[in-house]
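Just below is one structure, and these are the notes that go with it.
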Amino acid sequence: MSKKSQIIETATRLFSEHGFENTPVSLICEAAEVSKGAVFHHFKNKNDILREVFIHITTIIEETDKNDVHLATQEDPLEAAIHEIFDGMSVAKYRKMYQFNFSVMVHPTTRAIVADLIEDRYQQLQTSTEEIFRAVGYSNPAVITKMFIAEIDGIAMNYLLNNDFPLMDIKQEFIKKYCQ
């Protein structure tokens, strides 16, 4: 693994455990076993590290979604997408990272640092989801997609903030709502 990747992986873990504000660059250096010079060779500042961590988390989310077995076995692309989304968000080893990702997106200071990356991620999700709604025959796919994404965001927030949230039961109701 390259030094840059090692720093990003370590920062992702530490930001997820302690938060962005509570993770000094010195702790990242210590945990990654690199010098401050190595960190600042690859990153201009801590905000730059956050941007790379956000990109890294986006990649993990995309890879987790692509590994969903439902995509290959489902005939209904919308139902497959719902399985992909719910199964991806429920990967236990990523829970803290997803919680951190959520906090970055809602906290004004960190959101400002990654606002363009959030917008890019949203536009990609909007486009791909709208294509699915269009393909399965929804009459107003752009609006339905916005509603769908807003519901998913609310479900994800509740799941990440509540350990006893019935995610899989909600997934089944979500399938009934959109795929019947």
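Using a probe of 1.4 Å on the protein chains alone, the accessible area found for Asp116 is around 70 Å². Short-range pairs are left out: with C-alpha atoms under 8 Å and at least six residues apart, the relative contact order of the chain is 21 percent.
Where a ≥ b ≥ c are the square roots of the eigenvalues of the C-alpha gyration tensor, would you call the stretch 78-151 rounded, which needs a/c under 1.5, or, failing that, prolate if a/b is larger than b/c, or oblate? Verdict is oblate for the stretch 78-151. Working from Cα pairs under 8 Å separated by at least six residues, relative contact order for the stretch 108-174 is 17 percent. Simple rule: put +1 on each Lys or Arg Cβ and -1 on each Asp or Glu Cβ in the chain, find the dipole, and look at Ile61, Gly37, Tyr94; the Cα lying farthest toward the positive end is Gly37. Compute the distance from the alpha-carbon center of the stretch 157-180 to that of the stretch 130-146, in whole Å. A separation of 21 Å, based on Cα centres. At the residue level, Glu63 shows approximately 100 square angstrom of accessible surface with a 1.4 angstrom probe and all protein chains present. With every protein chain in place and a 1.4 angstrom probe, the accessible-area ranking of Met89, Met157, largest first, reads Met157, Met89.
If only the Cβ of Lys and Arg carry +1 and only the Cβ of Asp and Glu carry -1, the dipole of the stretch 75-180 around its Cα centre is close to 320 debye. This model, with +1 at the C-beta of Lys and Arg and -1 at the C-beta of Asp and Glu, gives the chain a dipole about its Cα centre of some 600 debye. Sparsely packed loop sites in the stretch 42-147 (the trypsin sites (Lys or Arg not before Pro) outside DSSP H, G, I, E and B with at most 13 other Cβ atoms within 10 Å) comprise Lys44.
With Cα atoms as the point set, the chain shows a radius of gyration and Dmax of 18.0, 57 Å. Projecting each Cα onto the charge dipole of the chain (Lys/Arg +1, Asp/Glu -1 at the beta carbon, about the Cα centre), which of Ile8, Leu78, Leu27 comes out farthest on the positive side? Selected residue: Leu27.
The values are calculated or read from the model by the stated rules, or taken from the named source; none is laboratory data. Here the structure is a predicted model, which means the values were calculated and not measured. In this analysis, Cβ positions are derived from the backbone assuming ideal geometry, glycine residues included, and neighbour counts consider all displayed protein chains. Just so you know, the surface numbers come from the protein's heavy atoms only, side chains and all, with ligands and any DNA or RNA stripped out. Shrake-Rupley method; radii C 1.70, N 1.55, O 1.52, S 1.80 Å.
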